[in-house]
Each structure stands twice: as structure tokens, then as C-alpha cells.
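Here's the structure we're looking at; comments come further down.
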Amino acid sequence: MENNTKPRKTVSATQVEALFYFLKSRNIKHYDVQCELADHIANAIEQTWERNPDVSFADALAVEEEKFGGKFGFMKIMLKRQAAFRKRYRKMFRGYFFSFFKLPQLIGVAAFGYAVFRLLLWWPKAYILLFVVSLFIMILRVRSLSRRYATSPHGHHWLMEEMIYARDGFGYMVFFINLAWQMWRDEYPPILLLFESILYTLLMLYVYVKLIIIPNRAEAYLKEVYPE
């Protein structure tokens, strides 16, 4: 008895490429999010073909886009993914940051803060020099990380990778505020110098974790997030 069952219609490799192009046109630029959405849409299109194999790829794609809520629907998905990865990144950052407040790392942090305090007691204006030198080094490091991200050996950019190499302006903005404030002061009471020593130490720790520790361990962490 002859089997008249038609072979299951599937999304071709060319159509998969079209899905990636479509997602890029919807401002979905990260490869991991593109893969996730492309796989979801391809499965949905194939389910549509199981019910009606005569539906064209373009029409099936248009239906799926409408289900997502159009262009803004894709952006909502992107924002949700960003929020989830930011939460994961903040957890990783807190883990590294607060590890310095445990022995033996705490001894090194305290020694650094004390050295800054003693320097400021001897020469309060050194605070300006510290911030200028630190800011210069930070700018060089940020530029280096930006180049590393732009020339990713993978050929694609992942969402978590962007967060690791991204420039977070909050810590750097504090540098500018403090520098401007200190340049207009005439007196430096010890309690102020102690406060500035603590602030500078915490900011240096923040920068060290964000610009040195996490980027240097990025490859291992990205393999953990994206094992494929």
C-alpha cells in the first residue's frame, strides 16, 4: 500500500538566515537572543506548516511577528532579557566586591585605605593628583576593553559579553564630582580626609572589580553562561 503522507515541511538554512536578518532589523543585535528567538519562531512556523503547508514563509513570519506584538513586542523581550542578565551580572559583581571584605583580602584593602589617609594628612592636595592619575588609567583600560569587545574572536556579540565589557558611568561620574569639589576647597579637616580616603578606596575597589577582575575572567564566565 502506497504511503501518500507528505514529508514534514521544515525551515531551510536560507530561511534561518532570513530569520536572523529579520531579527537584526528589529534591533535584536545580540547573538544569543537572536538564536533563542529564531529557534522559537522557526518552530512556530513549522507548526503552522503542519496545519497548512501552503502558507508561505513570509506570511507565517508575519503572523508570528504579530503574535509577539510587532517591533515593540521584540523590544519588550529584549528588555526582559537585559533585566535578567543585569541581575545575574550584579550578583557576580557583588560576589567579587564583597569578597574583599573578608580575610585575608580585607587586610590589603585596609592597608591601602590607611596609606591614602596618611598621604592626604601629609599633603591634602594629593587627592586631586590621585583622582587625575586614576581617571587617566581608567580611561586607558576602558578603551582597551572597548577594543576587545569590538574585535571579539567569536564573530558575534552576546548580551552578557556586552555587560562585562560595557562602560558603567556611575563610578566614573563620582570621580569627576569629587575632583571638582576638592579643587575649590581651602581647608581639609582630618575627618574629611578620612572620609575621602574611605571613598577613594571603595571607588578603586569598584573600578578594580569592574574593569580588571570581571573582564579578565570573562571567557570562563561566558563559557559557563553559553556552554554551546
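The values are calculated or read from the model by the stated rules, or taken from the named source; none is laboratory data. Keep in mind that what you see is a predicted model, and the values were worked out from it rather than measured. Glycine also receives a Cβ, built like all others from the backbone with ideal geometry; neighbour counts cover every protein chain displayed. Remember, those area values only see protein heavy atoms, side chains included, never the ligands or the DNA or RNA. Shrake-Rupley method; radii C 1.70, N 1.55, O 1.52, S 1.80 Å.
Gly171 meets the conditions (1) open to solvent by less than 30 Å² (accessible area, probe 1.4 Å); (2) farther than 30 Å from Glu219 by Cβ; (3) at pLDDT below 60 in every case but one. The failed one is (2).
The C-beta contact set for segment 110-131 (first residue within 12 Å of Tyr200 (Cα to Cα), second residue among the charged types (D, E, K, R) and part of a helix (DSSP H, G or I), distance under 7 angstrom, 6+ apart or interchain) comprises Leu120/Glu196; Tyr127/Glu196. Residues in segment 209-228 that are among the charged types (D, E, K, R) and either modelled with pLDDT of 85 or more or under 24 Å from Phe101 (Cα atoms) (or both): Lys210, Arg217.
Quick one: would you say Tyr206 is at pLDDT 65 or above, more than 14 Å from the chain's Cα centre (by Cα), part of a helix (DSSP H, G or I) and of a type outside the set (A, V, I, L, M)? So Tyr206 fits the description; yes. Could you go through segment 55-73 and let me know if any residue there is closer than 25 Å to Met204 by Cβ, open to solvent by 40 Å² or more (accessible area, probe 1.4 Å), assigned to a helix (DSSP H, G or I) and not β-branched (Val, Ile, Thr). Taking every residue of segment 55-73 in turn, none turns out to be closer than 25 Å to Met204 by Cβ, open to solvent by 40 Å² or more (accessible area, probe 1.4 Å), assigned to a helix (DSSP H, G or I) and not β-branched (Val, Ile, Thr). Summed over segment 30-54, residues that are open to solvent by 30 Å² or more (accessible area, probe 1.4 Å) and closer than 16 Å to Glu17 by Cβ total 3.
Filter segment 73-109 for residues that are free of Cβ contacts under 8 Å to residues at least 12 places away in the same chain and charged (D, E, K, R) and give the result.
Going residue by residue through segment 73-109, those that are free of Cβ contacts under 8 Å to residues at least 12 places away in the same chain are 73, 76, 79-80, 83-84, 87, 90-91, 94-95, 98-99, 101-108.
The answer is Lys76, Lys80, Lys87, Arg90, Lys91, Arg94, Lys102.
In segment 25-38, which residues are part of a helix (DSSP H, G or I) and either within 16 Å of Arg81 (Cα to Cα) or in contact (Cβ under 8 Å) with a residue 60 or more places away in the chain (or both)?
Narrowing segment 25-38 to residues part of a helix (DSSP H, G or I): 25, 31-38.
Once the filter is applied, which keeps residues that are part of a helix (DSSP H, G or I) and either within 16 Å of Arg81 (Cα to Cα) or in contact (Cβ under 8 Å) with a residue 60 or more places away in the chain (or both), segment 25-38 yields Tyr31, Asp32, Val33, Gln34, Cys35, Glu36, Leu37, Ala38.
Within segment 117-150, track down each residue that is over 30 Å from the mean Cα position of the chain (by Cα), aromatic (Phe, Trp, Tyr) and modelled with pLDDT of 80 or more. Result: Phe117, Trp122, Trp123. With respect to (1) part of a helix (DSSP H, G or I); (2) open to solvent by 40 Å² or more (accessible area, probe 1.4 Å); (3) more than 30 Å from Asn216 (Cβ to Cβ), the lone exception for Phe22 is condition (2).
Residue check: is Ala166 modelled with pLDDT under 80 and either buried (at least 16 other Cβ atoms within 10 Å of the Cβ) or out of contact with any strand residue (DSSP E or B) (no Cβ under 6 Å at 6 or more places or on another chain) (or both)?
On the way: modelled with pLDDT under 80: yes; either buried (at least 16 other Cβ atoms within 10 Å of the Cβ) or out of contact with any strand residue (DSSP E or B) (no Cβ under 6 Å at 6 or more places or on another chain) (or both): yes.
It is true that Ala166 is modelled with pLDDT under 80 and either buried (at least 16 other Cβ atoms within 10 Å of the Cβ) or out of contact with any strand residue (DSSP E or B) (no Cβ under 6 Å at 6 or more places or on another chain) (or both).
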